[in-house]
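The values are calculated or read from the model by the stated rules, or taken from the named source; none is laboratory data. Because the structure is predicted, anything quoted here is derived from the model rather than measured. We place every Cβ from the backbone using ideal geometry, glycine too, and count neighbours over all the protein chains shown.
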Amino acid sequence: MAELNIGATSWRRVEVGRVLLLETGTLATIVEIIDHKRALVDGPSTNEKLATPRGPISLEKTLLTPIVIEKLPRGARSGAVKKAWEAAGVDAKWAETNWAKKRVQQEKRQALTDFDRFKVLRLKKQRRFEERKALAKIKASA
């Protein structure tokens with residue numbers, strides 16, 4: 001028979017203070033859990049692209065991030081959430097994640113024109129040529 005290992009899941013818990021990434025690309029934190037499918041969220045980010053107005057949202061339309069605002073009281077009002085958000089440095093923590101960096105990179109690539117894409121192609125070709133030249137030099141000396 002096959003061996004079955006049962007352990008704790010790596011799924012992050014839904015909790016008050018957990019920062020979420022909504023499907024709209026904005027950030028919000030859980031202020032109150034309404035039921036097992038919905039939560040009240042508020043996203044007072046200083047970055048206009050990431051700000052979210054307060055309101056209920058389905059948890060199916062969110063992705064949980066590892067960022068948590070510690071000691072956020074349940075049902076906290078917008079002002080208290082904003083203070084806790086800034087004190088926890090959520091915007092800075094989010095900007096440091098690979099997730100955010102990848103999203104910024106994708107936005108930059110989507111904004112490229114045809115000529116910009118051509119320039120990127122040429123630079124990749126140059127880099128590849130230099131790498132192969134260096135590899136050939138190493139192989140020749142070995």
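Data for the structure
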{"quantity": "Residue in region 25-41 that is touching a helix residue (DSSP H, G or I) at 6+ places or on another chain (Cβ under 7 Å), polar (S, T, N, Q) and closer than 15 Å to T97 by Cβ present", "calculated": "no"}
{"quantity": "Test result for A100, in contact with a Phe, Trp or Tyr (Cβ under 8 Å, 6 or more places away or on another chain) and of a type outside the set (D, E)", "calculated": "yes"}
{"quantity": "Options A95, A87; residue that is more than 18 Å from T26 (Cβ to Cβ) and assigned to a helix (DSSP H, G or I)", "calculated": "A87"}
{"quantity": "Tally of residues being farther than 12 Å from L21 by Cβ and crowded, with 17+ Cβ neighbours inside 10 Å across region 60-73", "calculated": "3"}
{"quantity": "Qualifying positions in region 82-109 - farther than 13 Å from T46 by Cβ, over 11 Å from the mean Cα position of the chain (by Cα) and not small (G, A, S)", "calculated": "Q105, Q106, E107, K108, R109"}
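Here is a yes/no grid of residues against (1) in a strand (DSSP E or B); (2) modelled with pLDDT of 95 or more; (3) touching a Cys at 6+ places or on another chain (Cβ under 8 Å); (4) more than 13 Å from G17 (Cβ to Cβ):
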residue: V31; (1), (2), (3), (4): yes, yes, no, no
residue: G75; (1), (2), (3), (4): no, no, no, no
residue: V81; (1), (2), (3), (4): no, yes, no, no
residue: D116; (1), (2), (3), (4): no, yes, no, yes
residue: K119; (1), (2), (3), (4): no, yes, no, yes
residue: F129; (1), (2), (3), (4): no, yes, no, yes
residue: R132; (1), (2), (3), (4): no, yes, no, yes
residue: A136; (1), (2), (3), (4): no, yes, no, yes
